[in-house]
Amino acid sequence: MYLPYRWRRRGLTLLELLVVTAIIGILLGLLLPAVQKAREAANRAQCMNNLRQVSLATQNLHDTNGKLPPTEGALPGMDLKNFGPITFWLLPYLELENIYKLALQNGVYNSGNADRTYVIKTYLCLSDPSLGNNQSPDGWALCSYAANALAFSESAYDTPGDPMTCYVHGPLVTPGNYSKKLYPLTTGGKKLPASFPDGLSNTIFWTEKYGICSPNGNGNDGGCQWASRFEPQTSPYIGFGVGNPGLAYGTNEPDEQGPVYGVAGYFQVQPVPWLGPGGCKPGVASTGHTGGIVAALGDGSVRACAKGMSPQTWWMAIVPDDRTPLPSDW
C-alpha cells in the first residue's frame, strides 16, 4: 500500500547517530565512577567483616588457652616442635578444623603439613589486586591480612621510650633452630587486656597486606601466605625486623634489606607494581583500598585508617606499650 510521504519511516542520519553515540558515551562515563565507587564500598565492607571474624577468632583462641599465641611458633604450653603462624592456629576458630588437623603428624603440628593450597575466603580481601587465582606460583594459598607482630610477640626498643624504634627483633627463625629455644618472634603468652597498657582500642592487632608483593618479580618470594613460616617476606605478619643479607623484606628493591618499623613501617596504599622493583614492600602493610587501610584493634573493633594519617601515628598504634596518647589524626 502506498503511504503518503509524511507517514514514511526514515533512518537516522549520520549526524543524529553520532549525537546519540556521544550522549551514550557521556552517560556511561558518568555512570562508571559511580559503579566503581559502589563496588569499592562493598569490597571495603566485606574486608572489614573478614577482619571482624579474624578478631573474634583471636579472642576465642585467647579465651580457650588463657593466653595469645606468638606471631609464629607454638601455642603457649605446647612443645616447641609444634610450629606455624598465627593464621594457622586460628583455623579451628574459623570453622576450619579439618584443615588444621591435617597439619598434625606424629603428634606434632606444623603448618607446612596442612593443605597449604587451600584458599580461605575469610583471609582474602576483594580489593587486593595481587591475588590472581588466590595462590602463589608454587601453589601456596594467599592471604590479604597480616598480624601485628608487636601485639603477639616480644618487642623491644632500640631507643628506650621512643616508639619509632620499637619492633620485634631477630634472629631469623629457621627449620634448624625453631625447636631449640624461644626467640622474640616465637615468644607469645600475652593476656587480654593486661599485656596492653596502651589499651586494646588503641592497639592494632591485624591489618592488610598484599597476597603477592615481590620486588624481584618472583611471586613466590614476597607477599602473604596463611601457612608460611620461616620466611618473613611471605609470612602473614608485619613489624618483624631481622638483618639478613639478600632478603628483600623492608625495601621495594630486589635483594636489599631495609627497616620495617617506625616511619619506614608506614602502610602503602595501592602500591604499583606488586611484582617488580619500585613498588610494593613485602615487610610493611599494604592495601588495595583507595582511601586508606583497614585495621582490627585489640578490642575486636575494626576501623579504616585514612591515608592522610601520619606515619608516626600509625606506628604508635602498632606499638602496644609506649604509654603515649595517640595523636588527633588517629
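Go through the stretch 53-68 and give me each residue that's touching a residue at least 60 places away in the same chain (Cβ under 8 Å) and either among the β-branched types (Val, Ile, Thr) or touching a Pro at 6+ places or on another chain (Cβ under 7 Å) (or both).
Val54, Thr58, Lys67
Name the residue that is nearest to Ala149 (Cα to Cα), counting only residues in the stretch 307-330 that are surrounded by 12 or more Cβ atoms within 10 Å (Cβ to Cβ) and of a type in the set (Gly, Ala, Ser).
Going through the qualifying residues, I end up with Ala317.
What residue, among those in the stretch 268-303 that are in contact with an Asp or Glu (Cβ under 7 Å, 6 or more places away or on another chain) and hydrophobic (A, V, I, L, M, F, W, C), is nearest to Gly239 (Cα to Cα)?
If we take residues in the stretch 268-303 being in contact with an Asp or Glu (Cβ under 7 Å, 6 or more places away or on another chain) and hydrophobic (A, V, I, L, M, F, W, C), then Ala285 is nearest to Gly239 (Cα to Cα).
Please name all residue pairs, on different chains or six or more residues apart, with Cβ atoms under 6 Å, provided the first residue is in the stretch 256-276 and is more than 20 Å from Gln312 (Cα to Cα) and the second residue is β-branched (Val, Ile, Thr).
Listed by first residue and then by second, the contacts come to Trp274/Ile212.
So in the stretch 277-291, with the set limited to residues that are in a loop (DSSP other than H, G, I, E, B) and not small (Gly, Ala, Ser), which one is surrounded by the fewest Cβ atoms within 10 Å (Cβ to Cβ)?
Taking the stretch 277-291 first, the residues in a loop (DSSP other than H, G, I, E, B) are 277-285, 288-291.
This time we only want the ones that are not small (Gly, Ala, Ser), so: 277, 280-282, 284, 289-290.
Working: Pro277: 17, Cys280: 25, Lys281: 29, Pro282: 30, Val284: 27, His289: 20, Thr290: 13.
It comes out as Thr290.
Test of understanding: among Ser201, Ser228, which residue is over 13 Å from the mean Cα position of the chain (by Cα) and buried (at least 24 other Cβ atoms within 10 Å of the Cβ)?
None of the other options fit; the residue is Ser228.
List the number of the failed condition for Lys101; all other conditions in (1) part of a helix (DSSP H, G or I); (2) within 21 Å of the chain's Cα centre (by Cα); (3) modelled with pLDDT of 95 or more hold.
With (1) part of a helix (DSSP H, G or I); (2) within 21 Å of the chain's Cα centre (by Cα); (3) modelled with pLDDT of 95 or more applied to Lys101, the lone miss is (2).
Please count how many residues of the stretch 40-88 are touching a Lys or Arg at 6+ places or on another chain (Cβ under 6 Å) and modelled with pLDDT under 95.
Number of matching residues: 1.
Tell me whether the stretch 55-68 contains one or more residues that are crowded, with 17+ Cβ neighbours inside 10 Å, in a loop (DSSP other than H, G, I, E, B) and at negative phi.
yes
Looking at the stretch 235-276, which of its residues are in contact with a Leu (Cβ under 7 Å, 6 or more places away or on another chain) and either surrounded by fewer than 21 Cβ atoms within 10 Å (Cβ to Cβ) or assigned to a strand (DSSP E or B) (or both)?
Once the filter is applied, which keeps residues that are in contact with a Leu (Cβ under 7 Å, 6 or more places away or on another chain) and either surrounded by fewer than 21 Cβ atoms within 10 Å (Cβ to Cβ) or assigned to a strand (DSSP E or B) (or both), the stretch 235-276 yields Phe240, Asn244, Gln257.
Scanning for something more than 19 Å from Phe240 (Cβ to Cβ), surrounded by fewer than 19 Cβ atoms within 10 Å (Cβ to Cβ) and modelled with pLDDT under 95, does the stretch 161-184 turn up at least one residue?
yes
Which of the residues spanning the stretch 282-291 are at pLDDT 95 or above and out of contact with any Phe, Trp or Tyr (no Cβ under 8 Å at 6 or more places or on another chain)?
The one that is at pLDDT 95 or above and out of contact with any Phe, Trp or Tyr (no Cβ under 8 Å at 6 or more places or on another chain): His289.
Six or more apart or on different chains, Cβ under 8 Å: which pairs go from a residue in the stretch 79-97 that's of a type in the set (Asp, Glu) to one that's modelled with pLDDT of 95 or more and assigned to a helix (DSSP H, G or I)? Could you list them?
Pairs found: Glu97/Leu91.
For the stretch 145-183: of the residues being hydroxyl-bearing (Ser, Thr, Tyr) and in contact with a helix residue (DSSP H, G or I) (Cβ under 9 Å, 6 or more places away or on another chain), which is nearest to Cys213 (Cα to Cα)?
So the residue we want is Tyr145.
Would you mind telling me which numbered condition in (1) exposed (fewer than 13 other Cβ atoms within 10 Å of the Cβ); (2) on the phi < 0 side of the Ramachandran plot; (3) of a type outside the set (D, E, K, R) Gln135 fails?
Gln135 satisfies every listed condition except (1).
Any idea which residue in the stretch 109-132 is surrounded by the fewest Cβ atoms within 10 Å (Cβ to Cβ), counting only those that are of a type in the set (A, V, I, L, M, F, W, C) and under 18 Å from Ile86 (Cβ atoms)?
Of everything passing the filter in the stretch 109-132, Ile120 is surrounded by the fewest Cβ atoms within 10 Å (Cβ to Cβ).
Inspect all residues belonging to the stretch 149-162 and state whether any of them is more than 28 Å from Gly300 (Cβ to Cβ), part of a loop (DSSP other than H, G, I, E, B) and either among the aliphatic types (A, V, I, L, M) or in contact with a Pro (Cβ under 7 Å, 6 or more places away or on another chain) (or both).
No, every residue in the stretch 149-162 fails to be more than 28 Å from Gly300 (Cβ to Cβ), part of a loop (DSSP other than H, G, I, E, B) and either among the aliphatic types (A, V, I, L, M) or in contact with a Pro (Cβ under 7 Å, 6 or more places away or on another chain) (or both).
The values are calculated or read from the model by the stated rules, or taken from the named source; none is laboratory data. No experiment lies behind these values; they were computed from the predicted model shown. Virtual Cβ from ideal backbone geometry, glycine too; neighbours counted across all protein chains shown.
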